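**Student:** Pasting a structure here, questions to come.
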Amino acid sequence: MGTNAISMRGLTKTYGRKRAVDGIDLDIESGEVFAILGPNGAGKTTTVEILEGYRDRDAGDVRVLGTDPQGANRHWRNRVGIVLQSTTGLDLLTPREALRANAKFYSQTRDLDEVIHAVGLDEKADARIAGLSGGQKRRVDVGLGIIGRPELLFLDEPTTGFDPQARRDFWQLIRSLADEGTTIVLTTHYLDEAEALADRVGVIAGGKLLALDTPTGLGGRDTEEATIVWEEAGTRHTLRSAEPTAEVGRLSARFGGEVPGLQVTRPSLEDVYLELIRPHVDADALAAGSTTGEVAR
Amino acid sequence: MNALAMGWERTLLELKMYSREKEAVFFNFLFPILLLVMFSTIFGGQFSAADKAAGMNAGRLFLPGLIAAGVMLTSFQTMAMSVTVERDDGTLKRLRGTPMPPVAYFLGKVGLVLATSVAQLIALLLVARFLYDVQLPTDAGRWLTLAWVFFLGSFGGTVLGIAYSSLGTARSIGAVVIAPALVLQFISGVYFAFKDIPSWLQQVAAIFPLKWVAQGMRSVFYPYALASQEMAHAWEPGRTAIVLGLWAIGGLLLCAKTFSWYKRGTT
């Protein structure tokens, strides 16, 4: 802890006249699980691909594991694991064959059976990948990403297409990687996933970092007014309060114990997130007419 | 592991995938062999006893052209199609994100082409010799010619195929590759005797490497007297080497200039 796995200052990338990434400053600590949230076409993928060494930036300073990823060499790639949004082209192999082939590229690898077990593919290890379900194929991708024992792992929407149980299992895997000290950068559309896994989340929209906080603290939602709902004389009453505990105490005293239909809620991560990105989503939708940008990938 | 060892590993993996892809095995690997069997069967009756006494039969007539076609199929066609598909489906991008040295990928492809094309050549020769009684050369000089024409043709086909892969997408590449390849085979003397093709079309064919591979192969397998039926009334080994060499170098340069690990429109 304390040192930064990733550090960027004034990161900028322009496509034609569009500023896809517009001056982002961000540090991600070693050993941290960091989630990047943002609507499609917001600059999220571009940012991550610059960090992964896939794209060149136009301006700004970037250090990933102490090295500039632009033109980084094999030794750097040996320390980084990348799970792309979708991988195909492995249909003719089995998970075991694909993992074994990938392991040859790295200097220190995890045990093959251990990885197969960790990603939950014990039963499918020797079946053709073509015949696996979407979620199982995704686990092959994750296995390929972690076989080289990376210090830093990028996961791009890793659980798309997973059933609920598979997602829980996957989260457990990510937590165990984090426990071993792996720094994890996760992009996701699932806010519950960010909430369950991330130490911190960053919201990117319009090429800018709009918010940066812990999942519980994002947008000040831990200190924001809570909404109290209860029923009285057949009608629903709603009250917003900065001191919900005191309010509930007063209600309880008035009812002489239980308050009928009581609910106390704070804005969910989703509420806060949607509120944050609203201006950008509207502006983008107007500018683009319909859907462009990342959809084409 | 060094780049060479990784290239070898990639070769083994490529071969494993190739052998599991039934369409590739059929259309690229077995196709020329199948054609040799078909042509020998269909045209076998058109050769007189005198032809046969002189050592000419249908198998011998078609063998050089089909070897040339095989070189193009296993190098150019396989390469163009597989690299396009791998670029579009993200395989190349994924590999780029690993510590694999880029050259290992190309070595794997070269290994795949070498292994499949040599196996195909041997199969063609065995079928021709033992099923259709084709006389194979007995002097070392002709075998040497076979080796260098085959090598230059395969190498050129491989690099040109990789360069050509940038022209299509996974969806279009089938048509983008197969149609020109088929036309080229027709005008380069693969399916017809080259001498029967109109001379202006021969001139067109002479721009492309396939004609020269086929001609080189004829110089290996045809009786010496048939050199008089060529465009220049000779086998022209020197010119063959120059044309194939230029295509190989040009392909290599084009490859280095145009190769991309990423799908069009994503960077």
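**Student:** Please compute the modelled spin-label separation between A:Ser268 and B:Ala170, points set 7 Å along Cα→Cβ, answer in nm with one decimal.
**Tutor:** Placing both labels 7 Å beyond Cα along the Cβ direction yields 3.4 nm.
**Student:** Using 1/(1 + (r/R0)^6) with R0 = 51 angstrom and r between the beta carbons of B:Ala53 and B:Ser260, what's the FRET efficiency to the nearest 0.05?
**Tutor:** It comes to 0.35.
**Student:** Let me ask another. Can you order the peptides A:228-241, B:128-141, A:63-76, B:111-124 by their average number of other Cβ atoms within 10 Å per residue, highest first? Mind dumping the intermediate values first?
**Tutor:** On the way: A:228-241: 12.0, B:128-141: 13.7, A:63-76: 15.5, B:111-124: 18.8.
Packing order, densest peptide first, comes out as B:111-124, A:63-76, B:128-141, A:228-241.
**Student:** For the range B:3-258, divide the Cα radius of gyration by the Kirkwood radius and give the resulting Rg/Rh value with two decimals.
**Tutor:** Working: Rg = 18.5 Å, Rh = 18.8 Å.
Ratio of gyration radius to Kirkwood radius: 0.98.
**Student:** More than 34 angstrom separation, counting every C-alpha pair in the protein assembly as shown; what % is that?
**Tutor:** 53
**Student:** Let me ask something else. Can you return the lysines within cross-link range of B:Lys52? Criterion is Cα-Cα under 24 Å, with same-chain partners fewer than 8 residues away left out.
**Tutor:** B:Lys195
**Student:** Run a plain Debye calculation on the range B:47-120 (Cα atoms as equal point scatterers, no solvent) and give log10 I(q)/I(0) at q = 0.13, 0.20 Å⁻¹, rounded to two decimals, same order as the q list.
**Tutor:** Each listed q maps to, in turn, -0.55, -0.89.
**Student:** Report, in whole Å, the centroid distance computed from the Cα atoms of the range A:122-153 and the range B:173-189.
**Tutor:** One Cα centre to the other: 39 Å.
**Student:** Here is a follow-up. Could you grab the relative contact order for chain A? Cα pairs under 8 Å, six or more apart, rounded to a whole percent.
**Tutor:** Details: 535 pairs, mean separation 59.4, N = 297.
Relative contact order of chain A: 20 percent.
**Student:** Would you mind checking A:Lys208/B:Lys93; A:Lys18/B:Lys257; B:Lys16/B:Lys109 for any pair whose Cα atoms are more than 24 angstrom apart? Present the calculation step by step, with values, prior to reporting the outcome.
**Tutor:** On the way: A:Lys208/B:Lys93 26 Å; A:Lys18/B:Lys257 27 Å; B:Lys16/B:Lys109 12 Å.
From A:Lys208/B:Lys93; A:Lys18/B:Lys257; B:Lys16/B:Lys109, over 24 Å: A:Lys208/B:Lys93; A:Lys18/B:Lys257.
**Student:** If you average the alpha carbon positions of the range A:240-255 and of the range B:41-85, how far apart do those two centres end up, in angstrom?
**Tutor:** So the separation of the two Cα centres works out to 91 Å.
**Student:** Let me ask something else. Helix by helix, which DSSP H runs in chain B go 30 Å or more along their axis at the Cα atoms and have an average Kyte-Doolittle hydropathy of 1.6 or more?
**Tutor:** Values: long enough: B:102-131 (43 Å, 1.78); B:140-164 (35 Å, 1.20); B:237-258 (31 Å, 1.19).
Passing helices, by number: B:102-131.
**Student:** Something else about it: Return the FRET efficiency for the residue pair B:Ala179, B:Leu126: r is the Cβ-Cβ distance, R0 is 25 Å, and the value is rounded to the nearest 0.05. Spell out each step's value before the answer.
**Tutor:** On the way: r = 31 Å, r/R0 = 1.25.
Here the calculated transfer efficiency is 0.20.
**Student:** If you count, for each residue, the other Cβ atoms within 10 Å and average over each peptide, how do A:201-210, B:254-263 line up from highest to lowest?
**Tutor:** On the way: A:201-210: 22.6, B:254-263: 15.3.
In descending order of packing, they fall as A:201-210, B:254-263.
**Student:** Counting other C-beta atoms within 10 Å, which of A:Arg138, B:Arg239 has the fewest, and how do the rest follow? Write down the numbers at each step before the final one.
**Tutor:** Numbers: A:Arg138 23, B:Arg239 14.
Sorted ascending by nearby Cβ count, the order is B:Arg239, A:Arg138.
**Student:** Something else: What is the sum of charges around B:Thr169, taking Lys and Arg as +1, Asp and Glu as -1, for the other residues whose C-beta is under 11 Å from the C-beta of B:Thr169? Spell out each step's value before the answer.
**Tutor:** On the way: positive: B:Arg87, B:Arg171, B:Lys263, B:Arg264; negative: B:Asp88, B:Asp89.
Within the 11 Å Cβ shell, the charges total +2.
**Student:** Per residue of A:53-66, count partner chain C-beta atoms within 10 Å of its C-beta, then hand back the mean as an integer.
**Tutor:** Values: counts 2, 7, 3, 1, 0, 0, 0, 0, 0, 0, 0, 0, 0, 0.
Going residue by residue through A:53-66 and averaging, the value is 1.
**Student:** With contacts defined as alpha carbon pairs under 8 Å and 6 or more residues apart, what's the relative contact order of the range B:3-258 in percent? Walk me through the numbers before you get to the answer.
**Tutor:** Values: 317 pairs, mean separation 71.1, N = 256.
That works out to 28 percent.
**Student:** Still on this structure: How many percent of DSSP beta bridges within the protein assembly as shown run antiparallel, rounded to 5?
**Tutor:** Working: 30 of 47 bridges.
Roughly 65 percent of the beta bridges in the protein assembly as shown run antiparallel, per DSSP.
Read-outs: derived from the displayed coordinates by stated rules, not from any lab. The structure displayed is predicted, hence computed values, not measured ones. Cβ: placed from backbone, ideal geometry, glycine included. Neighbour counts: every protein chain shown.
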